[in-house]
Structure formats: structure tokens, C-alpha cells
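This report concerns only the one structure given below.
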Amino acid sequence: YLDGCTDILSELDDKYVLSLRLNRPKARNALRTQLLHELAQTLGKANRDEHVRCVVLTGGEKVFAAGADITEMADKTPVDVLNDPRADHWAAIRTFNKPLIGAVNGFCLGGGNELAMHCDILIAGKNAQFGQPEINLGIIPGAGGTQRLTQMIGKSKAMRMVLAAQFMSAEDAEKAGLVAEVCEPELTYDKAYALACVIASKPPVAARLAKESVLKASDALLAEGLAFERKAFGTLFATEDKAEGVAAFMEKRKPVFKGR
Ligand code: HXC
């Protein structure tokens, strides 16, 4: 759909549905900056294209997305985080104004889960696992995870995920309200696509304003929290524990945290 992309595969069909697939299988669809840039550009084009009425976003069979690319985070300082173009890419995803349906199989972690929560409706395979394991790296979610998760599943369950890095199964995610529907993993994309076709058959201007209106139920509360989270996320890039957490991941060992 958009020329020159490698990290995002895309296809627009005659049902007005644009299908997007995250395409870094070797790195478990880790959201490197290039991937986020491609996604932001693609959604930007789709926003202006009347041939797109609904978008389906999916990942791999075993991993939707493993989060931010940890190798890219290794040398970042708080100032780098402050100046990071990633914030603009996330903003483009957040302000995409047509319905966005997520089809999630397998691990949906960190920034991957934050991306999933930017979707308007989530369909999950039974094998899906949702998590915010950033704390294992000495950091916290930085793309709205602390805010959206809390809004969607409530404080206690959100705290368990964010503080203890415990994963949530697809079944529990449905009970908690994180996902709309759980199905056999082979059917996840097809279910999401069928729903997208239904939505694409509705009047597009009403669909856009319906989405924007539903988001208003929480957006006003979100703005301050997102800004706070972003600052806190950046601050943690000055800590020894973040350097240790990231190094331990890359060296495939257990981290030792010291509170510095
Ligand atoms: C970079 C990653 C990666 C990541 C996996 N890889 N996750 N590289 N960033 N987030 C790489 C591994 O280093 C490895 O590289 C290859 O992908 C395969 O990974 P395995 O662990 O061997 O795969 P598997 O056993 O299938 O396990 C999949 C997994 C696991 C459960 C998803 O990879 C995992 O736990 N990943 C990290 C999840 C995480 O901590 N996410 C939070 C990121 S922080 P090699 O070279 O060895 O093949 C974050 C901050 C958000 O998201 C901030 C937003 C602004």
C-alpha cells in the first residue's frame, strides 16, 4: 500500500479494508523506530484515502510484538528519549481517525501491548499472552501502557502486570475487558477481517465520528497521564538499573538490580 516499507506488510482490498502485518519475525516483531515510522506513515496515508474505511493490524502466529526494540534502547539517555521521534510516530497512531482492529496471536508485550491497546477493538487467539514486562529492564511502559491498561482492566490487575511483569492470558484478557473476543488462533485474523468488513460497510463519516466520540470518554483523562508517564520513562534511562536490565536481556542472563 505504501511503497518502500519493509517492517510493515500492507494490502488494500476492494472491501475498503487495509490489512497491515508487522514483519520482523526474526526479532519477534520488536518495534524498532523504522517500524513505528512505517506504521505512522501508512496510517497517515490511510487517513487521507477514501478507499480505506477500516484497518486490521496483526503480527505473527507466535508473537504479535515483543515490545520496543531493546537493542535500540541500550545507549539511550533521558535527553535522547525527550528528543525521540518515536513520540511523533505514536502520536500519529493515536490520532488515526478510522476504525483500527487488532488481531493478536501469541506474545503481546511491552510496546507491543501498548500498540494493541491503540487499536479500537481487539480479537485475540487463545494462545495470546498480554504483558508489560518493562520493569524487568529497569524501566516502565512509555507509550501509554500505564494509562490505557488501567482504564481498560482496572487498577489492581494493571498494577499486577506493570509491577510484577505477570502476563495475562487471552481468556483473562477477555474477562477483564482488554479484548472483545477470543477464538482459535487460526481464526484470529479472519474474525478481525470479517468485523472490519462489517465496519467498512457502514457510513464512513459516522464511523470516524463514532470512534472519535468513544475515545473522548477517556481521552481527556489520558492526556496528563501520558505526559507524566513519558517523563517518568525518560528519567529511568539515567539509572544503573536500566543499564543492567537491558544488558542482562542482551546477554541472556538474570539482572541484578541495586536501586540506583
Ligand atoms: C529486541 C528482541 C526483543 C525485543 C526478542 N528479541 N524480543 N530484540 N527487542 N523486544 C530478539 C531476541 O534477542 C532474539 O535475538 C530473537 O528476538 C528471538 O528471541 P527469543 O527470546 O529467543 O524468542 P522466544 O523464545 O520465541 O521468546 C519470545 C518472547 C521473548 C517471549 C517475546 O523474546 C521476550 O520476552 N522478549 C522481550 C520482551 C520484553 O521485555 N518486552 C518489553 C520491551 S521494553 P537473537 O539475536 O538471539 O536471535 C518496551 C518499552 C516500551 O517495550 C516503551 C515504548 C516507548
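Structure data summary
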read-out	value
Projected-area mean, segment 97-188, by convex hull of Cα positions, square nanometres	5.4 nm²
Exposure of V79 as accessible area (Å², to 10), given a probe of 1.4 Å and all protein chains	90 Å²
Overall form of segment 22-86 per C-alpha gyration tensor (a/c, 1.5; a/b vs b/c)	oblate
Entries of K62/K175; K155/K175; K175/K202; K126/K175; K98/K202 with Cα pairs more than 18 Å apart	K62/K175; K175/K202
Accessible area in square angstrom per residue, segment 1-119, 1.4 angstrom probe	42 Å²
Largest-first ordering by accessible area, 1.4 Å probe, given options K15, K62, K98	K62, K15, K98
Solvent exposure, largest accessible area first (probe 1.4 Å, DNA, RNA and ligands not counted), of T95, T77, T33	T95, T77, T33
Accessible heavy-atom area order of E134, E244, highest first, probe of 1.4 Å	E244, E134
Heavy-atom accessible surface of the chain: percent carbon and sulfur, 1.4 Å	56 percent
Per-pair calculated FRET efficiency, R0 = 22 Å: E61 and E251 via Cβ, rounded to 0.05	0.20
Unit Cα scatterers, Debye sum, segment 142-260: log10 I(q)/I(0) for q = 0.11, 0.21 Å⁻¹	-0.60, -1.25
Residue-averaged [θ]222 nm for the chain, counting only DSSP H segments that reach four residues, each worth -39500 (n - 2.57)	-14500 deg cm²/dmol
Projected-area average for segment 23-172 over all orientations - Cα convex hull basis, square nanometres	8.7 nm²
Separation of the K126 and E11 label points, Cα + 7 Å toward Cβ, nm	2.7 nm
FRET efficiency for H51 and L221, using Cβ-Cβ distance with R0 set to 30 Å, rounded to 0.05	0.30
In sequence order, calculated HN-Hα J values of segment 143-158 (Karplus, 6.51, -1.76, 1.60; Hz; x Gly/Pro)	10, x, x, 5, 7, 5, 4, 5, 5, 7, 10, x, 4, 5, 5, 5
Cβ-Cβ FRET estimate between L187 and T77, R0 fixed at 51 Å, reported to 0.05	0.70
Hydrodynamic radius (Kirkwood) for segment 212-260, which is based on Cα pairs only, to one decimal in Å	13.1 Å
Cα-based Rg and Dmax for the chain, where Dmax is the largest Cα-Cα distance (Å)	17.6, 56
Per-residue SASA entry for D84, accessible area with 1.4 Å probe, Å² rounded to 10	20 Å²
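The values are calculated or read from the model by the stated rules, or taken from the named source; none is laboratory data. The shown structure was predicted, so the numbers you read here are calculated from the model rather than taken from an experiment. Cβ atoms come from the backbone with ideal geometry, glycine included; neighbour counts cover every protein chain shown. To get the accessible areas, we keep the full protein, side chains included, count just its heavy atoms, and leave off ligands, DNA and RNA. Shrake-Rupley method; radii C 1.70, N 1.55, O 1.52, S 1.80 Å.
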